[in-house]
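Chemist: Got a structure for you, written out below as structure tokens; questions coming shortly.
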Amino acid sequence: EEFVTYEQAIKMLVTLLGYTIQADEFGGYPAGYIKIAEQEKITESLKADLKDFATREDIATMVNAALDVPLMKQTVYGAEPVFERLEEETLFKNYFN
């Protein structure tokens with residue numbers, strides 16, 4: 001029941017999309033997650049300070065943008081895991097089609 005900041009909401013969405021490893025490579029929380037969200041245009045329409053509490057409207061806008069982002073999935077397991085961006089798989093295609 002707590003409010004969430006934009007940074008926290010971005011982390012949740014980027015993690016849901018499977019980009020945690022890539023976000024960690026860009027510096028982790030919060031900068032790496034913000035960078036991924038910017039690259040994938042999840043935060044394109046935000047004009048708020050990312051440390052502020054997120055509005056419902058902005059959360060809905062970010063979720064809507066995230067629906068069409070290709071998912072990142074682990075395709076090789078073991079000592080040297082491989083993650084691939086699967087252009088044909090999105091949250092929308094996988095869960096709402």
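The values are calculated or read from the model by the stated rules, or taken from the named source; none is laboratory data. On a predicted model such as this, the values are computed, not experimentally measured, just so you know. Cβ sites come from the backbone with ideal geometry, for glycine too, and all protein chains shown count toward neighbours. Surface areas here come from the heavy atoms of the whole protein model, side chains and all, with no ligands, DNA or RNA. Shrake-Rupley method; radii C 1.70, N 1.55, O 1.52, S 1.80 Å.
Chemist: Determine which member of the set Y19, Y33 is free of Cβ contacts under 8 Å to residues at least 60 places away in the same chain and farther than 21 Å from N94 by Cα.
Modeler: Criteria check complete, one pass: Y33.
Chemist: Among residues belonging to the stretch 1-16 that are touching a residue at least 40 places away in the same chain (Cβ under 8 Å) and farther than 19 Å from E44 by Cβ, point out the one that is surrounded by the most Cβ atoms within 10 Å (Cβ to Cβ).
Modeler: Checking each candidate, the answer is V4.
Chemist: Give all pairs with beta carbons closer than 6 Å in which a residue from the stretch 83-97 that is touching a residue at least 24 places away in the same chain (Cβ under 8 Å) meets a residue that is surrounded by fewer than 15 Cβ atoms within 10 Å (Cβ to Cβ) and not in a loop (DSSP other than H, G, I, E, B); count only pairs at least 6 apart in sequence or on separate chains.
Modeler: Every condition considered, the pairs that remain are F83/I21; F83/Q74.
Chemist: Under the condition of being small (G, A, S) and open to solvent by less than 80 Å² (accessible area, probe 1.4 Å), which residue from the stretch 47-92 is nearest to the chain's Cα centre (by Cα)?
Modeler: Residue satisfying both the conditions and the ranking: A66.
Chemist: Still on this model: Could you list, in sequence order, all residues of the stretch 1-34 that are closer than 20 Å to K51 by Cβ, out of contact with any Lys or Arg (no Cβ under 8 Å at 6 or more places or on another chain) and not in a loop (DSSP other than H, G, I, E, B)?
Modeler: Q8, A9, I10, K11, M12, L13, V14, T15, A31, G32, I34
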